[in-house]
Structures are given as structure tokens and as C-alpha cells.
Amino acid sequence: MKIPYIPEDAPFSGDQKAWLAGFLAGLHSRAAMPQAAGGAVAAAASPQTAPTLDILYGTQTGNAEIVATEAAEHARASGFAPRIQELDAVDMGALASMERAIVVVSTYGEGEMPDNAQIFWDNLSAETAPRLEQLSYGVLALGDTSYDLFCQAGKLIDMRFEQLGAKRLNARVDCDVEYEEMASAWVAETLPLAQDGEAIIAPQAAPAAAAPAKSGWTRKNPYPAPVLENRLLSGSKSQKEIRHFSLGLGDSGITYEAGDALGVVPVNRPDLVSAILTRLGAKAEDGVAGQDAPLGELLAKRFEIMTPSRELIAAIAERADHDELSHVAGNGDKEAMTAFLWGRDTLDLLNLNAKLAVDPAEFLSWLKPLQHRAYSISSSPKAHPGEVHLTVAAVRWKAEGREHCGVASTYLADFTEEGGETPVFVSPNKSFRPPADDGAPMIMVGPGTGIAPFRAFLEERLARGASGRNWLFFGDQRRASDFIYEDEISELSNSGVLSRLDLAFSRDQKQKIYVQHRMRENGKALYAWLEEGGYFYVCGDATRMAKDVDAALHQIVQSEGGLSEEGAVEYVNTLKRDKRYLRDVY
């Protein structure tokens, strides 16, 4: 079945570690301690007979991999021999031979499998998938409740395992972006299950093996990075506002690699906070029952007040007496609801009925916590030691008679002045790296701000003295105003670091031209690079660009390789399995 497109992995918390420690200890108690006659527990298994525990993960931005790695540490400390793999590395034959497995999987886009789990899901959901009666499993799903298909990837895998006869070791847990309380409640309500289905009390797990040293800066404890540069990249006639940011790392201990993302912890815009306070008939200094800060601070720093939550939409639909919203909400038409909400923010919904009175405490209960935004890092640490760079498009639009602004993009654009600070942390993404083989060809497709990681990749290869050829497909609307980093790219091209450069500026001619058109025009050479072991990367818009690029890639492979449609699919899937087709899309 085809699954829809979301959202980000949740990071790994102390509560999550506690759950895994107990869960794995429960697994170990039945896997490594054989039952004697009458059901009594026999002596524990020796280290030489440590049972294998397969830990499988699917991730788009790297967080599920971190969770899986931490799980492996707990498993090893609990007496298991953990075997960690990404889902696409597991074929159905290997899956059929597994006895115990944990699956950690995020949901991506609007309910889609992450890139490194799609092939696994295609095989698992096929009629040819093997029976799994011998498998005992647990699924840890990561997601975001602001999306309709919350934790859909985890739900689908959990359901399919059950259909194929596998037995749950523990009920699936679905983690939101702020999941600590939910995880604690789930731990309190569930216990690992014995093989015969009876609940058992898990013995305390041994201390986990020491994790590699980390900087200690996280989304809950971000580093106040000095702002070294906030520079406009796009031209004065551009319809976009793209900026380059350089942040200092000082003595933070923060390290990163080309391909990683930087989490930015924003503050909501003062004008929007003020407007919502006025709409509520409240003051910034007002206290709110059950909260530890005044209302103004809560709206500025704690809650998402730009994008309406599902809870807020439902509450307004029920109370505002607004015909169109009531009709759309009552019919349950997702497309109609999306169209109605397009361009509207939380204040717009409050204003659908100016007479509607809303209590501030109740209003806060409808909101989701304010989340960090992750941006692809656009620098190599080898080229810019002690610094990290971002390339960000400030999102602004007019609707309902006023200006609307993206939360983090305009926080960066308008409120991170040179000499100031902004809170950040690194989100590693081991699944998106330049080729380890410095001699391998590299093809990059990154229009607009999608060029960000490829600027880092090119700086990295230059610093490493890599001999592999590099090919960049870049584009935007107009060359004169939208060719960001033109001087740098031209220098890389003139020096030979960029072996090939293909540009697609859609508005510079009557017929629009995009990067996928340039790919098709150069299909023969592109296929030859792939045949020579080339790596193919895509970064940028997931909704249209990445899908169009993927379709073009399949068409090129089919045409230039003389393959059938099915053969082209298998060729591209092999690129994915070999980690030679990688995407950083959003």
C-alpha cells in the first residue's frame, strides 16, 4: 500500500531510557533465564550464551538512530548481544530468522516511512512477506501529534508484524515531540511480557555502558551561540528573503559534521504575542493557574502560537459559530480543512468570531509546546573551525489584512543581531554524509536553500583533497536576484572542485525550467556517473521538488540503462540500499 507523507523524530530522553532499560531487562529475564519444570526460573545464561536482540531503526533526521544506539547500550548492559541495523538493511529472509526485535521508527512528512525504511515496508507489506510466528517484538514510534497521521510508520509496522504472526513483547508506545509525561505514564501502565503472555516484573537493569562524550547542549539545554554574521543573500528584486547566518561555537565543546542539522530554539514574535494578549483581554504579567510563569512569557517562549493545533481548531470550530469552519470540520474533509487553514494562524482563528470570549488558561490548554526548528548546516567544520553556518529563507506572507511570519526563520532574520546570541544545539544525521570514498563521484540536487548541505559537502571535499568529481544542480526563480552563493559556486567551478554545474532559473524564460529538466537533458552523463559508483543527493522541498527529481531519476535510469520500469525501480532501490541515493528533504 502507498503511505502518505511526516514529521520529525523525537529525541531520546531519560524517561525513554528508563522504559528501554525495563523493557530490555524484561526481555532478558525470559530470553536469558530458561524456565525449569513447572515454570520456575532457572539459572541465568552465561555471557557465552547471551541472546541476540535485534534493534532495527528507521530515521529521516537521525534521532531514531540515536534512540536505537542508546537501546543497544542498555541491551548490552542487560546481558544481550545487541545487533543494530537500519530497516532497509534487513531483508525478509533475515527478518524471518529473528527471535527478538525492537523497532524504533519515526514518521516522516504526512505519514510516510522515513527514507531508510521504505524498501523494508514495501517488502513487509507485500503478499510475499514471510510468516513471523517465531518473532517477539516491540515498536517504539516517534512522531508529532500536529500531523493527522501521528506515528503512522510505527503503527503500520506494528500492525503488519501482528498480521504476520509475530508476538508483541510490549504494547507499542507512540511518542510526541514532548513525550516525557506520556512515556512515564506508559511505563507505569505496562510491563514486559513473558513468552507465555504473563506479565513479569523486570529485574533492575545493569548500568548502561558509558556513552561517548557529548557537549551536553540539547533542545532542553541549548547553547547560547554568539551571532557572528546575519547577511542577506538574495537580491533586492528577489521575491524571497534568504539569509546566511554564522554562529560561533566558542568553548561549548559542540562538534558537527557536514550533513548534520542545527536545532534553533526560537522565541515567538512580540507583535503576535501582544496581539493575542489583546484578543484574550489579558495582560503580559497576568498569572495563569497551573503555570509557573506569567502569561506573556508563556506565549513568548513556551507555546506554539503561530500554527493552530488540532485541539485549537476543534475548539474554535465548536464555539465560534462560523459557518464555513463548522461545515469543513463537520464533514471531516482533510483537503477542505487544509484549504481553509491555508495562510491562517492561531490569531486568525480567534478572530473568526470577535465576540467569542476565551479564557487564557483554557486557551493555553489548546496549544502545543513551542518546538525548535532544525536547519541543514551549510558549512564544513574543516573549512570554518569554531563556527557553524545556516542558510535560511525568512517566511513572510500577508493574510487577513496583516503580515504573518514564520516562527524560527523570522526570529533568526529579525532578532539575531550580530553581537547577540541565539540558543542552538546539533542534531547529528549519520544518514546524510558526503561519500566516505574521496574518489567517488558526487551528484547534488539542491535548488533554493536546498544548497545548504551541499555547500558544506563541497567545502568538506575541498578540505579533504578529495579527487572525486562533483556535480551540482542548482536553481531558483531568477539568476540576477536568486543565485545565492554565486561567487563561491563560481570559484569552485572555475577551480575544478565543481566538475559540472547545471543551473535552472525558472522565471528567466517563458517556459519554466527546473532542476529535474536539467537532469533529463544530461541523463546520459548522469547515468554514467552512477555506473561509475556515483552518489546521488537531494535536498529541499519534499512536497514537489523531491518527488519530481525522483521521477526524473527513475526515467533516466530506465532510458539510459535500457531497463523496464520494474528494473529501474530495482536499480534505484539498490542505490538506496547501498546508501548512494540520500535525501535531506522537508
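The values are calculated or read from the model by the stated rules, or taken from the named source; none is laboratory data. Since the model is a prediction, treat every value here as computed from it, not as a measurement. Counting neighbours? That spans all protein chains shown, and the Cβs are built from the backbone with ideal geometry, glycine included. In case anyone asks, the SASA skips ligands and DNA or RNA and just uses the protein heavy atoms, side chains included. Shrake-Rupley method; radii C 1.70, N 1.55, O 1.52, S 1.80 Å.
Within region 427-459, the set of residues being among the charged types (D, E, K, R) and either free of Cβ contacts under 8 Å to residues at least 12 places away in the same chain or crowded, with 23+ Cβ neighbours inside 10 Å (or both) comprises R455, E459. Residues in region 320-348 that are loosely packed, with under 14 Cβ neighbours inside 10 Å and of a type in the set (K, R): 1 in all. Taken over region 374-399, residues that are in a strand (DSSP E or B), in contact (Cβ under 8 Å) with a residue 40 or more places away in the chain and touching a strand residue (DSSP E or B) at 6+ places or on another chain (Cβ under 9 Å) amount to 13.
May I ask you to list the residues in region 403-454 that are in a helix (DSSP H, G or I) and within 19 Å of the chain's Cα centre (by Cα)?
Residues satisfying the conditions are V407, A408, S409, T449, G450, I451, A452, P453, F454.
Scanning region 72-102 for residues that are aliphatic (A, V, I, L, M) and modelled with pLDDT under 80, we see that the one that is most open to solvent (accessible area, probe 1.4 Å) is A77.
Every residue in region 215-230 that is under 20 Å from Q371 (Cβ atoms) and either acidic (D, E) or open to solvent by 50 Å² or more (accessible area, probe 1.4 Å) (or both), please. Selection gives W217, T218, K220, N221, P224. Where residues in region 511-524 are open to solvent by less than 30 Å² (accessible area, probe 1.4 Å) and among the hydrophobic types (A, V, I, L, M, F, W, C), which of them is nearest to K576 (Cα to Cα)? Top of the filtered list is M519.
Among the residues of this structure, Y586 counts as one that is surrounded by 14 or more Cβ atoms within 10 Å (Cβ to Cβ), over 11 Å from I443 (Cβ atoms) and at pLDDT below 95. If the condition is being open to solvent by 20 Å² or more (accessible area, probe 1.4 Å), of a type in the set (A, V, I, L, M, F, W, C) and either assigned to a helix (DSSP H, G or I) or touching a Cys at 6+ places or on another chain (Cβ under 7 Å) (or both), then region 466-492 contributes A480, L492. Among the residues of region 244-288, the ones that are open to solvent by 20 Å² or more (accessible area, probe 1.4 Å), among the charged types (D, E, K, R) and either in contact (Cβ under 8 Å) with a residue 40 or more places away in the chain or assigned to a strand (DSSP E or B) (or both) come to 4 in all. For the residues D502, D508, the requirement of being over 26 Å from the mean Cα position of the chain (by Cα) and open to solvent by 40 Å² or more (accessible area, probe 1.4 Å) singles out D508.
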